[in-house]
Amino acid sequence: MKLPWLPVLMMTLSACGAHAAERVRPKSGPKPRVESHAEHDARVNRAVQVRGIEGTLSSFDVRTAMEGRGRDFAACHEPRARALPVLSGRIEFAIQVAVDGQVNRVEVRASDLGDRELERCLSEVIRSTRFRTPNGGVANVTWLMALEPATAGRSPEAWAAGRVSRIIDKNIDDLKDICDLRTSSSNFTATAYVSARGRVVAVGVASPEGSSDAHLDCVAEGLRDWPMPKPRGKYAKVSFVLSP
């Protein structure tokens with residue numbers, strides 16, 4: 001089964017453009033190496049010390065680099081879409097590209113995909129992507145992707161955030177303690193899929209202000225344990241904000 005893969009919009013500081021990438025099959029072979037957090041932090045520091053001027057990348061160069069990873073993106077998406085056929089949504093990445101074209105940092109700034117495993121996998125592909133050398137220094141890029149359900153016409157029951165407000169109020173303090181969120185100034189937006197039994201079967205988390213992978217992983221893991229109302233159909237989808 002070939003699944004839809006639709007990165008629909010890309011924007012950089014210097015230009016913006018819209019496109020639809022061709023559909024691709026997942027690439028076989030070993031998973032691209034992703035550097036450790038220690039290696040990543042060291043490289044960020046070196047890059048900042050070398051040049052602190054903000055540079056630019058053309059929309060064409062960014063699009064070319066990202067479309068070149070299409071098979072790796074599809075390899076992230078397809079297993080998760082098979083496990084959860086109603087999986088769909090949009091995800092926005094903030095990407096910092098170093099003076100040598102390597103990725104200094106990638107953060108999920110907005111997402112209603114509702115699947116942390118997929119969000120993490122896509123982030124790792126971007127983190128290992130090599131861009132052209134930016135013009136003028138370190139460049140900051142925004143990249144937006146949109147994914148459709150694996151089967152056309154299959155959509156979850158849509159819930160408003162108010163449907164789970166009491167559950168949030170009841171459990172948020174424990175989540176703040178477990179994930180050490182009380183000292184954080186970041187808000188988190190979460191999107192969850194709820195099964196017919198009232199169980200959270202997948203959940204994704206983003207932070208508009210930026211947050212560590214450890215915080216996002218912890219919040220997502222904590223939310224999976226929250227009991228939810230039972231939807232009328234097979235799945236429901238709900239997005240809500242968690243404030244520190």
Self-check item: Lys230, sole failed condition from (1) closer than 14 Å to Asp112 by Cβ; (2) out of contact with any helix residue (DSSP H, G or I) (no Cβ under 7 Å at 6 or more places or on another chain); (3) of a type outside the set (S, T, N, Q)
Solution: (1)
Quiz prompt | Pick from region 92-105, criterion open to solvent by less than 10 Å² (accessible area, probe 1.4 Å) and in contact with a Phe, Trp or Tyr (Cβ under 8 Å, 6 or more places away or on another chain), ranking: farthest from Ile126 (Cα to Cα) | solution = Gly101
Quiz item: Limited to region 214-242, what total is found for residues that are small (Gly, Ala, Ser), more than 19 Å from Asp169 (Cβ to Cβ) and surrounded by fewer than 20 Cβ atoms within 10 Å (Cβ to Cβ)?
Solution: 2
Quiz item: Which residue pairs have Cβ atoms closer than 7 Å, lie 6 or more positions apart in sequence or on different chains, and pair a first residue in region 209-224 that is charged (D, E, K, R) with a second residue that is open to solvent by less than 20 Å² (accessible area, probe 1.4 Å)?
Solution: Glu209/Ser186; Asp217/Arg116; Arg224/Val200; Arg224/Val203
Exercise. With a cut-off of at least 3 residues that are touching a helix residue (DSSP H, G or I) at 6+ places or on another chain (Cβ under 7 Å), name the strands (runs of 3 or more DSSP E) lying wholly within region 88-170.
Key: 89-97, 103-111, 138-147
Quiz item: Of all residues in region 196-208, which are surrounded by fewer than 21 Cβ atoms within 10 Å (Cβ to Cβ) and modelled with pLDDT under 95?
Solution: Pro208
Quiz item: Is it the case that region 179-195 has a residue that's in contact with a Gly (Cβ under 8 Å, 6 or more places away or on another chain), of a type outside the set (Lys, Arg) and open to solvent by 20 Å² or more (accessible area, probe 1.4 Å)?
Solution: no
Quiz item: Considering region 70-87 alone, what residues qualify as being in contact with a helix residue (DSSP H, G or I) (Cβ under 8 Å, 6 or more places away or on another chain) and open to solvent by less than 30 Å² (accessible area, probe 1.4 Å)?
Solution: Asp72, Phe73, Cys76, His77, Leu87
Exercise. Taking the options Arg163, Arg132, name whichever one is in contact with a Leu (Cβ under 7 Å, 6 or more places away or on another chain) and on the phi < 0 side of the Ramachandran plot.
Key: Arg132
Practice problem: Kindly check whether there is at least one residue in region 112-131 that is open to solvent by 10 Å² or more (accessible area, probe 1.4 Å) and over 26 Å from Ala190 (Cα atoms). | Solution: yes
Quiz item: Based on what the data block shows, is Ser211 of a type in the set (Gly, Ala, Ser), within 14 Å of Trp159 (Cα to Cα) and buried (at least 16 other Cβ atoms within 10 Å of the Cβ)?
Solution: no
Practice problem: Evaluate the following for Thr133: is it more than 15 Å from the chain's Cα centre (by Cα), of a type in the set (S, T, N, Q) and farther than 19 Å from Val219 by Cβ? | Solution: yes
Practice problem: Examine region 222-243 for a residue that is at pLDDT 95 or above, assigned to a helix (DSSP H, G or I) and either farther than 24 Å from Phe93 by Cα or within 18 Å of the chain's Cα centre (by Cα) (or both), and state whether such a residue exists. | Solution: yes
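The values are calculated or read from the model by the stated rules, or taken from the named source; none is laboratory data. Values in this document were obtained by computation on a predicted structure and should not be read as measured data. A quick note on method: Cβ atoms are made from the backbone with ideal geometry, for glycine too, and the neighbour counts reach across all protein chains shown. Surface accessibility is based on the protein's heavy atoms, side chains included, excluding ligands, DNA and RNA. Shrake-Rupley method; radii C 1.70, N 1.55, O 1.52, S 1.80 Å.
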